[in-house]
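Enquirer: Got a structure here, written out as structure tokens. Questions coming.
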Amino acid sequence: MEFATRLSNVEESATFKYSSLAKKEGIINLTIGRTNFTTPRLITRAAVSALENGRVHYTPTRGIPELREMLAKKLKRENNIPDIGPDNILVSAGAKQIIFEAVMALIGKGDKVAMPNPSWVSYEQIVNLAEGEIIWLPLKHENDFIPDEEFLSALENSSPKLIMLNSPNNPTGAVYPEKIIREIVDIAERKDCWLLFDEIYEKIIYEGKHFSAGSIYPKTITVNGFSKEFSMTGWRLGYCACPNPDLIEKMNLIQSQTVSCATSFVQYGALAAFKEEVAEERDRMITELKERRDRFVKGMNGLFETKVNPAGAFYLFPHLGDIDDLAMADKLLSNGVGLIPGSPFGSQGKGCLRISYGAVSLDEIDVALERIKATLA
């Protein structure tokens, strides 16, 4: 049976594959790209109220005006991104859909896209769907997966139409310093290429400070969403902003012919996310996530080749050395610990494991550490 050739290079999501395997009874699941916190009650109540008041029909394809207005104000106030109004915002069914639309709007067959190696697994597959060509920018575990001179040199010596970045980062938890982002932007500006900056973990930072490339480079597509910060993964609500109205229009064209619009009552529920009470609840979540990170980091000391202490997100990406990470992930799974091997995130992920502490308790972390130690012994 013949299918479209664009699917020939597209692979199954490794994160969903291993997450499914880790759902068996007795396995401590460290695969999940979400937290186990509930959505703040104010948001839930606002969504229920929207349902009860008949907000159940199509919305404008770009998103309801009230939400786009709030997002424009947020991006100006918190991210210092200029020239952003409601017409520069596109709301969609999750940040992944937004990234898909941006890539499909910009990338055609043979167009080059530069991205870090390792990267979140879906970036590569979305570019493959668009039939683009990937330029890998190497990151090293010895440098905590922060872009260095080799990364910048690889970018300087390439000719991408689009650069894709993600900070705080999945899978590494790295937070890119402002200095590095400015150097990347300088190269992008000289090459006059687009920059997609995925900021979905923007608020989940324990040390350091987030810096938005869109604050200094107008050809930036700033991508964000509600899933991580507000524990709304299943709600499917993301957005992007770009000063260039033509790009938003083209992305909206794709949206109008695919998902049509984000779910109506979810958008109305998200209006409550900007309240102070919700921010306080989010901050308590981040405090607890930091406790989990610290417990893992302390317990893993001496277990792996390099010490890890990522500044953001809720992932650890330790390097075990010259080992088969796929086989190790399978071995750990058989010993009661589910996690993701590093290789699916890129060749620089070989020998690494992605550990998510977003949805486990401190007690579960202690048990997981004992099982990991026993497996590695």
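Yes/no per residue for (1) aromatic (F, W, Y); (2) at pLDDT below 85; (3) under 23 Å from the mean Cα position of the chain (by Cα):
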residue	(1), (2), (3)
A4	no, no, no
N9	no, yes, yes
Y18	yes, yes, yes
L21	no, yes, yes
G26	no, no, no
L30	no, no, yes
N36	no, no, yes
P40	no, no, yes
R45	no, no, no
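Enquirer: Being in contact (Cβ under 8 Å) with a residue 24 or more places away in the chain, closer than 20 Å to N170 by Cβ and not in a loop (DSSP other than H, G, I, E, B) is the filter; apply it to segment 296-318 and report the residue that is farthest from the chain's Cα centre (by Cα).
Expert: Applying the filter and picking the extreme gives M300.
Enquirer: Going through D83, D87 one at a time, which residue ends up being out of contact with any Cys (no Cβ under 7 Å at 6 or more places or on another chain), among the charged types (D, E, K, R), over 27 Å from G346 (Cα atoms) and not in a helix (DSSP H, G or I)?
Expert: The conditions single out D83.
Enquirer: Given (1) touching a Pro at 6+ places or on another chain (Cβ under 6 Å); (2) free of Cβ contacts under 8 Å to residues at least 40 places away in the same chain, where does D246 come up short, assuming only one miss?
Expert: (1)
Enquirer: Looking at A262, A272, A279, can you tell me which residue is within 17 Å of R41 (Cβ to Cβ) and crowded, with 19+ Cβ neighbours inside 10 Å?
Expert: From the options A262, A272, A279, the qualifying one is A272.
Enquirer: In addition: Considering only helices (runs of 4 or more DSSP H) fully contained in segment 90-197, which possess at least 3 residues that are more than 23 Å from P344 (Cβ to Cβ) and at pLDDT 95 or above?
Expert: Output list reads 95-106, 149-156, 178-191.
Enquirer: So, one more: From the set of residues in segment 44-73 that are β-branched (V, I, T) and in contact with a Ser or Thr (Cβ under 9 Å, 6 or more places away or on another chain), which is surrounded by the fewest Cβ atoms within 10 Å (Cβ to Cβ)?
Expert: Selected residue: V56.
Enquirer: Check P82, P40, P60 and return the single one that is touching a residue at least 40 places away in the same chain (Cβ under 8 Å) and farther than 21 Å from G269 by Cα.
Expert: P82
The values are calculated or read from the model by the stated rules, or taken from the named source; none is laboratory data. Treat the numbers as computed from the prediction; the structure is a model and nothing was measured. Heads up, the Cβs are rebuilt from the backbone with ideal geometry, glycines too, and the neighbour counts pull from every protein chain shown.
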